[in-house]
Amino acid sequence: MIINPPICIKDYTATSKTKFKLANRPTRIDIFADKKAAKNSIKQDAKAIADLSHKLYAQNKQSLLIVLQGMDTSGKDGTVSAMFSRTPPLNLHVAAFKAPSKRELAHDYLWRVHDVCPGKGQITVFNRSHYEDVLVVKVRKFAEAKAVNKRYRQINDFEQHLTENGTTILKFMLNISHETQGQRLADRLVEPHKFWKFNPGDLEDRLMWKKYMKAYEIMVKRTSTKHAPWHIIPSDNRATRGAIISSIVRQTLENMNPEYPDPGYRLGDFEIS
């Protein structure tokens, strides 16, 4: 059996908010011997995640919220597919946040978010999230700067409310380089099975890359908290990205320590003919 290197969660956690510089965080690292080793790590963790997920569902006392935030092509969909490849959809949900509907705009911006947060025994993945309201909204000036500035505190309070009521929150910023994104966007116009992913709007966001990177840096500084810290994941390499996130999810579920409940019945209590 191949023994993969242990993934230390602290290596990817944004802890010193005042000193955090996104430019100092790598978009690519080499911690596996090769691609095969990284994929093997994902498979091992995916199997463990499936077992822990089932225990979480059976226990029905706590929940897990996973936030995946990153620029287009950073690998949000691929990450979900990899780490939950062995997990039945019994208690797994994926919520994708797009432009808000008229009904959603009639409420505060967190209304639609709270509605899809995980219940007890559930795991929910946010493919993009409430952080769009301090990223794209900020960069494209869809709201006044004063309103956006208030949202960092509001989001921190919202996430603390969730954690105090039994939800563990894992937040991942998928850190991809400008060069790698350019290649992946080009692939969407070359590879037939990726045609559907191409959106001209992605090119507009790419032109504002520096502004987005600044917005991400401020986001991490303002919202990486003890109860819900950000994890900055090098995402230029798909397999390495998946292996790191899968390991952190597995370790987090292990720390949550879900157990199958004792029903209080034993075989001897019943006559089975």
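The values are calculated or read from the model by the stated rules, or taken from the named source; none is laboratory data. Worth saying up front: this structure is predicted, and the values here are computed from it rather than measured. Virtual Cβ from ideal backbone geometry, glycine too; neighbours counted across all protein chains shown.
Observations on the model:
- When residues in segment 145-191 are screened for being part of a loop (DSSP other than H, G, I, E, B) and either crowded, with 19+ Cβ neighbours inside 10 Å or at pLDDT below 95 (or both), 5 of them pass.
- Just one of the numbered conditions (1) modelled with pLDDT of 85 or more; (2) of a type outside the set (A, V, I, L, M, F, W, C); (3) assigned to a helix (DSSP H, G or I); (4) within 27 Å of ALA23 (Cβ to Cβ) is not true of GLY201: (1).
- Filtered by the rule that a residue be more than 23 Å from LEU64 (Cβ to Cβ) and either of a type in the set (Phe, Trp, Tyr) or not in a loop (DSSP other than H, G, I, E, B) (or both), segment 239-269 gives ALA239, TYR265, LEU267, GLY268, ASP269.
- Residue that is farthest from ASN199 (Cα to Cα) [pool: residues in segment 72-91 that are of a type outside the set (Ser, Thr, Tyr) and in a helix (DSSP H, G or I)]: MET83
- Of all residues in segment 216-273, those being surrounded by 21 or more Cβ atoms within 10 Å (Cβ to Cβ), of a type in the set (Gly, Ala, Ser) and touching a helix residue (DSSP H, G or I) at 6+ places or on another chain (Cβ under 6 Å) number 6.
- Selection status of ARG112, closer than 23 Å to GLN62 by Cα, among the charged types (D, E, K, R) and in contact with a helix residue (DSSP H, G or I) (Cβ under 6 Å, 6 or more places away or on another chain): yes
- Condition met for LEU185 (out of contact with any helix residue (DSSP H, G or I) (no Cβ under 8 Å at 6 or more places or on another chain) and under 25 Å from LYS138 (Cβ atoms)): no
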